[in-house]
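Rule-based calculations on the coordinates, nothing more; no lab input. Nothing here was measured: the structure is a model prediction, and the numbers come from that model. Cβ atoms come from the backbone with ideal geometry, glycine included; neighbour counts cover every protein chain shown.
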Ligand SMILES: Cc1cc2nc3c(=O)[nH]c(=O)nc-3n(C[C@H](O)[C@H](O)[C@H](O)COP(=O)(O)OP(=O)(O)OC[C@H]3O[C@@H](n4cnc5c(N)ncnc54)[C@H](O)[C@@H]3O)c2cc1C
Ligand code: FES
């Protein structure tokens with residue numbers, strides 16, 4: 001009988017992307033935001049021209065890589081680039097963290113996918129981003145600002161070391177409320193505290209956009225519900241094809257079943273069934289842990305092979 005660790009030992013090591021090889025998409029800039037979060041600016045002029053706030057792409061790092069959905073966190077039509085902000089949480093995103101350096105190519109990027117956010121006629125809006133959700137809410141804040149709305153940004157992080165894109169938000173927000181769990185930057189508290197403060201100070205808020213972990217988006221929707229303020233959230237269910245064919249990204253919104261990849265990812269936060277979303281997100285936890293373990297062992301084997309080449313194995317007596 002073969003144990004799972006025996007099976008893992010015989011698996012091939014990951015294939016790195018080859019800089020400048022083939023029709024790949026060059027990574028032209030990378031910023032390491034924290035130990036686990038990094039941004040990649042990728043050259044893709046057509047994507048940069050077509051992208052709208054709220055859309056996402058499906059990325060393949062290398063030819064054998066898994067396809068992962070990532071929000072278009074920024075796009076620059078003059079530079080012909082799109083920016084992705086990635087949190088290394090599992091096998092593929094950790095592999096991206098390791099392999100995607102400036103000068104390498106992404107193997108593929110499909111998109112822009114999803115329905116662009118509706119930048120409506122609200123005169124005062126609050127854009128709330130929690131943790132990694134700060135990045136995807138940025139294009140919406142900028143789009144509202146360009147449309148002439150008064151934009152109040154509420155950004156939440158665990159501590160001051162994790163704060164990113166504060167300057168970018170200050171450029172497009174009329175007011176910015178920074179929140180940290182430990183009070184090391186801005187006010188001490190969760191984004192819901194910042195949101196409540198914004199609603200107290202601005203009774204004319206007509207729309208709230210909230211992006212972050214499901215529990216955070218749900219809490220924001222509950223904070224606005226008593227006020228009857230339109231609240232848009234961006235859902236991140238597991239996606240496979242991203243084109244409405246597989247059903248993987250099914251979400252419940254009100255009494256309807258919707259596919260987040262083609263009907264969203266933006267939905268009415270007051271109608272989303274967050275419990276269903278959380279339960280579906282956890283369905284493959286065992287397989288995800290196994291894939292990470294598998295990849296980790298492959299990396300260790302590759303490192304050992306390099307070390308064996310550099311330091312010849314001892315020979316002779318006493319070896
Ligand atoms: C529309 C959309 C936009 C997203 N934008 C971003 C982003 O801008 N930055 C970012 O870091 N992450 C984003 N995500 C989440 C990202 O796709 C997952 O973190 C990634 O797929 C995890 O893959 P993994 O192999 O590293 O981790 P795994 O160990 O495979 O998974 C870790 C967790 O990520 C989620 N996940 C796994 N596979 C998928 C999948 N195919 N689709 C969606 N979620 C998955 C699950 O909740 C899982 O528990 C987005 C997801 C969606 C649906
Ligand atoms: S990802 Fe397959 S239907 Fe949405």
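General observations
- You can think of it this way: the chain between residue 230 and residue 276 has 14.4 nm of extra reach, that is 0.36 nm per residue less the Cα-Cα gap.
- A simple packing score, the average count of other Cβ atoms within 10 Å per residue, orders the peptides 111-119, 56-64 as 56-64, 111-119, with the highest score first.
- Computed extension gain for residue 291 through residue 123, at 0.36 nm per residue and net of the alpha carbon distance, reaches 55.8 nm.
- Degrees, to the nearest 10: 191-201 long Cα axis against longest axis of the chain: 20 degrees
- Kirkwood radius, the chain, all distinct C-alpha pairs, inverse of mean reciprocal distance: 21.1 Å.
- Centre-to-centre separation between the Cα atoms of region 178-216 and those of region 78-123: 25 Å.
- In a fully extended conformation the segment linking residue 46 and residue 193 would gain 48.9 nm over its present Cα-Cα distance, using 0.36 nm per residue.
- The mean sequence separation of alpha-carbon pairs under 8 Å and at least six residues apart, normalised by the residue count of the chain, gives a relative contact order of 16 percent.
- Cut-off 16 Å (backbone N to label point 7 Å along Cα→Cβ of residue 250), residues of region 217-241: 237-241
- Kirkwood Rh, Cα atoms: Rg over Rh of region 82-137: 1.07
- Cα long-axis angle, helix 285-310 against the chain (0 to 90 degrees, to the nearest 10): 40 degrees
- Value in Å of the Kirkwood radius, where region 17-139 supplies the Cα pairs that are averaged: 14.8 Å
- Rg(Cα)/(2.2 N^0.38 Å) for region 235-289, N = residue count: 1.10
- With 10 Å bins beginning at zero, the pair-distance distribution over Cα atoms of region 74-208 amounts to 11, 36, 33, 17, 2 %.
- Ordering of 264-273, 32-41 by packing is 264-273, 32-41, highest average first (other Cβ atoms within 10 Å, averaged per residue).
- Multiplying each eigenvalue of the alpha-carbon gyration tensor of region 169-319 by 5 and taking the square root yields semi-axes of 45, 25, 13 Å, largest first, rounded to whole angstroms.
- Using just its DSSP H runs of length 4 or more, each adding -39500 (n - 2.57), the chain gives a mean residue ellipticity at 222 nm of -9500 deg cm²/dmol after division by all residues.
- FRET efficiency, residue 89 to residue 170 (Cβ-Cβ, R0 25 Å, nearest 0.05): 0.30
- Equivalent ellipsoid semi-axes, region 46-105, via Cα gyration tensor eigenvalues times 5, rooted, Å: 21, 13, 10
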